[in-house]
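The structure appears right after this line, and notes come after that.
The values are calculated or read from the model by the stated rules, or taken from the named source; none is laboratory data. The structure displayed is predicted, hence computed values, not measured ones. Reconstructed Cβ throughout: ideal geometry from the backbone, glycine too, with neighbour counts over all protein chains shown.
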Amino acid sequence: MLLRATSLAVVVGALASAVTAASLWPVNDITLSILDKARSQTKELHLDYPTALSTPVLAQAGEVVKLSFKIGEHNGKKALPHQAMIRFQSKDEYADSIMVVGSVSKSSGRGRIEIDLASSTADERFKYNTRQYNMELLIGGYIQDLDSFKYDLGTIEIEAPASNPAIRPARVAYTAQPEIHHQFRPDQKLINVVVSGTFTALVLAPWLILALLWSRLNIRFEPLRALAQNPKDIFMALLFMVSLFSIETTLYSYWVGVTLFPTLQQLGVWSVVAAVSGRSALSALQKRRLQRTGGDSGAKKEL
């Protein structure tokens with residue numbers, strides 16, 4: 001019996017601590033006002049949580065719906081919410097419209113929101129077909145021992161402008177856009193042909209002078225003559241030079257835009273050709289050099 005009484009006391013104490021630990025936000029001085037176009041107050045209703053409005057409030061087209069409230073202190077400190085908003089629930093559309101309170105004053109704890117029904121920023125639902133909405137005030141924050149505040153304010157009837165249709169037009173999400181005119185960069189201005197040709201001639205002139213001087217010296221290109229006597233050596237020498245040129249061309253193509261694997265395939269083929277032809281051409285060149293210098297006693301000098 002004593003054990004049951006002790007267990008019951010523990011359960012009751014836990015429930016009591018849970019109830020005291022989770023309390024509502026200290027919201028008071030809740031006022032709902034209806035203002036006309038000149039911002040003159042036409043209606044003012046004071047609400048006390050959790051009592052809702054007994055009858056629906058009428059807001060005509062072009063008027064302003066204003067809700068203000070004050071948040072008191074919690075445990076001797078000012079309680080500032082993270083976010084406060086009003087939710088309008090329409091029964092026929094089954095859709096919510098959320099209006100966020102801008103900010104709550106840190107000094108006074110007051111917060112307010114004004115909804116101008118004639119403004120372009122107002123919800124489109126308010127501008128088509130007069131209907132009733134259920135209003136709820138929602139307040140929440142990061143204070144651990146305060147539950148989120150939800151207050152059913154009551155019903156408000158918002159009158160749509162008579163000039164607007166009863167059914168809201170369907171929203172057009174995709175429409176034709178204006179044509180885009182691309183502006184391309186103009187062609188690069190090149191150097192004058194005469195100037196370019198003049199400097200090209202100046203660059204090539206030393207080579208022409210060098211060729212003329214060589215012709216006056218009566219130089220005899222005996223190695224080339226000796227090479228011309230053996231067609232195989234000529235072919236290997238030309239093949240070696242072509243393979244070297246092809247390797248350089250392949251590397252240039254890779255730098256310009258060719259991918260890696262085709263480049264490796266081409267380099268593999270031309271490397272084998274360059275190795276075989278180069279070995280043959282360089283061996284023939286060494287043989288002729290030894291014959292000219294007397295390195296090979298059994299061979300006749302070609303020069």
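If you go through segment 46-61 one residue at a time, do you hit one that is among the aliphatic types (A, V, I, L, M) and free of Cβ contacts under 8 Å to residues at least 60 places away in the same chain?
Let us first name the residues in segment 46-61 that are among the aliphatic types (A, V, I, L, M), namely 47, 52-53, 57-59, 61.
Still in the list and also free of Cβ contacts under 8 Å to residues at least 60 places away in the same chain: none.
The answer is no, given that none of the residues of segment 46-61 is among the aliphatic types (A, V, I, L, M) and free of Cβ contacts under 8 Å to residues at least 60 places away in the same chain.
If Leu53 meets every condition in (1) of a type outside the set (D, E, K, R); (2) part of a strand (DSSP E or B); (3) closer than 19 Å to Asp152 by Cβ apart from one, which number is that one?
(2)
Only one of Tyr252, Tyr151 is closer than 30 Å to Phe88 by Cα, among the hydroxyl-bearing types (Ser, Thr, Tyr), at pLDDT 85 or above and under 54 Å from the mean Cα position of the chain (by Cα). Can you tell me which?
On the way: Tyr252 fails: closer than 30 Å to Phe88 by Cα.
Tyr151 is the lone residue from the list that is closer than 30 Å to Phe88 by Cα, among the hydroxyl-bearing types (Ser, Thr, Tyr), at pLDDT 85 or above and under 54 Å from the mean Cα position of the chain (by Cα).
When only residues in segment 37-49 that are outside any strand (DSSP E or B) and at pLDDT 85 or above count, which is nearest to Lys150 (Cα to Cα)? Don't jump to the end; show me each part of the working.
Keep residues of segment 37-49 that are outside any strand (DSSP E or B), which gives 37-40, 48-49.
With the extra rule that they be at pLDDT 85 or above, the set shrinks to 48-49.
Working: Asp48: 13, Tyr49: 10 Å.
Among those residues, the one meeting the criterion is Tyr49.
Working only within segment 112-126, note down all residues that are touching a residue at least 40 places away in the same chain (Cβ under 8 Å) and closer than 13 Å to Val64 by Cα. Please lay out each step first, then the result.
If we filter segment 112-126 for residues that are touching a residue at least 40 places away in the same chain (Cβ under 8 Å), which is where we start, we get 112-118, 124-125.
Across segment 112-126, the qualifying residues are Arg112, Ile113, Glu114, Ile115, Asp116, Leu117, Ala118.
Out of the residues in segment 50-65 that are more than 45 Å from the chain's Cα centre (by Cα) and surrounded by fewer than 18 Cβ atoms within 10 Å (Cβ to Cβ), state the one that is farthest from Asn129 (Cα to Cα).
Pro50
Among what's in segment 88-118 and is part of a loop (DSSP other than H, G, I, E, B) and modelled with pLDDT of 80 or more, pick the residue that is nearest to Ala38 (Cα to Cα). Quick ask: steps written out before the conclusion?
So in segment 88-118, the residues part of a loop (DSSP other than H, G, I, E, B) come out as 91-94, 101-103, 105-109, 117-118.
This time we only want the ones that are modelled with pLDDT of 80 or more, so: 101, 105-109, 117.
Values: Val101: 22, Ser105: 26, Lys106: 29, Ser107: 29, Ser108: 27, Gly109: 27, Leu117: 13 Å.
Checking each candidate, the answer is Leu117.
Name the single residue that is farthest from Asp145 (Cα to Cα) among those in segment 93-121 being touching a strand residue (DSSP E or B) at 6+ places or on another chain (Cβ under 6 Å) and among the charged types (D, E, K, R). Full working, then the answer.
Initial filter on segment 93-121 (touching a strand residue (DSSP E or B) at 6+ places or on another chain (Cβ under 6 Å)): 96-101, 104, 109-116.
Narrowing further to those that are among the charged types (D, E, K, R): 96, 110, 112, 114, 116.
Details: Asp96: 29, Arg110: 21, Arg112: 24, Glu114: 30, Asp116: 36 Å.
Within segment 93-121, the match that is farthest from Asp145 (Cα to Cα) is Asp116.
In this structure, does Val242 turn out to be modelled with pLDDT of 85 or more, closer than 30 Å to Ser271 by Cβ and of a type outside the set (Gly, Ala, Ser)? So that I can check it myself, show each step before the final result.
Values: modelled with pLDDT of 85 or more: yes; closer than 30 Å to Ser271 by Cβ: yes; of a type outside the set (Gly, Ala, Ser): yes.
Criteria met by Val242.
Might you let me know whether segment 66-87 holds any residue that is exposed (fewer than 14 other Cβ atoms within 10 Å of the Cβ), within 19 Å of Arg125 (Cα to Cα) and of a type in the set (Gly, Ala, Ser)? Please lay out each step first, then the result.
Filtering segment 66-87 down to residues exposed (fewer than 14 other Cβ atoms within 10 Å of the Cβ) leaves 72-73, 75-77, 82-83.
From what is left, the residues that are within 19 Å of Arg125 (Cα to Cα) are none.
No, there is no match, as no residue in segment 66-87 is exposed (fewer than 14 other Cβ atoms within 10 Å of the Cβ), within 19 Å of Arg125 (Cα to Cα) and of a type in the set (Gly, Ala, Ser).
Is segment 211-225 home to any residue that is part of a loop (DSSP other than H, G, I, E, B), modelled with pLDDT of 85 or more and more than 30 Å from Asp92 (Cβ to Cβ)? Show your work before the answer.
As a first pass, look at segment 211-225 and keep what is part of a loop (DSSP other than H, G, I, E, B): 218-221.
After this cut, where a residue has to be modelled with pLDDT of 85 or more as well, the list is none.
Scanning segment 211-225, I find no residue that is part of a loop (DSSP other than H, G, I, E, B), modelled with pLDDT of 85 or more and more than 30 Å from Asp92 (Cβ to Cβ), so the answer is no.
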